[in-house]
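As structure tokens, the structure follows; a few thoughts come after it.
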Amino acid sequence: MSLKQNISYLKKINNESVVQRVINCLTDAMINKELRPGDKIPTELELSETLGVGRNSIREAIKILVYLGVLEIRRAEGTFVCEGFTESMIDPMIYGIILDKADSYDNLMELREMMESGVVRLAMTKYTEEDMRNLEEKLTLMKAQIGKGPLNTQATFEADNAFHDAISSMGHNPLIEKINRVVQMLTWSIRLETVTHMVETGRGQELYEAHEKIWQMLKEQDSSNLNQKIRDTYFENVLKDA
């Protein structure tokens, strides 16, 4: 948009939670496609006059949206709607979930299963031969790390993560990859504890075979019992009985 763009989509707001209302106004414009990725937003002065609020409130709202990765400031050019996703978008989402008092282990595991099942289903419809070769390499690496014995837990965990990351990338959807990474970070300690226990107690082969079933399912494009096969990689009873 030009400097003298049509900003009729911006409506005056009252004084209650002024900064948040400025944020809502701008994000609503983005959601409604009135502001699109790459567009230059109005200047502080234009926003202040159009919305009927002080420039300090405008400046603070823009600062927050820049931190969240929604806007970017280009020196000598102005402030623009970001094009694509940035890593900073993910952090507030993670903190919001972590600090949610209503969260529980069961809720987290339900989210994990729903996300991982969806990721596998998407990968099954979109993967290429190169994707499958890459996934097989990750599975082979995981087997090799497990074979190094009970002291090799960290490397095995990293190989486990690499296997699941490869499946996520097979869906060729960057938004899903990023959301899936949020779920991975939230379940990091649970997954590390599971892998550590399986390897240290000599059950690494079981861990490998559970992941091999996922690989085989993708290779054969067979989604039968998908959710159960996903749950089988969690070994939830292992930690409860430990």
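Odds and ends about this structure:
- Separation of the alpha carbons by more than 21 angstrom is noted, of K138/K219; K138/K229; K143/K213; K143/K219; K143/K178; K148/K229, for K143/K178; K148/K229.
- Calculated FRET value between E110 and L45, using beta carbons and R₀ = 35 Å, to 0.05: 0.10
- Taking N as its residue count, the alpha carbon Rg of segment 162-242 over 2.2 N^0.38 Å: 1.16
- Debye intensity ratio I(q)/I(0), log10, segment 127-193, q values 0.28 Å⁻¹ (C-alpha model): -1.16
Read the figures in this text as sums done on the coordinates, not as results from a lab. Model, not experiment: these values are computed from the prediction. Because the Cβ atoms are built from the backbone with ideal geometry, glycine has one as well, and the counts that use them run over all protein chains shown.
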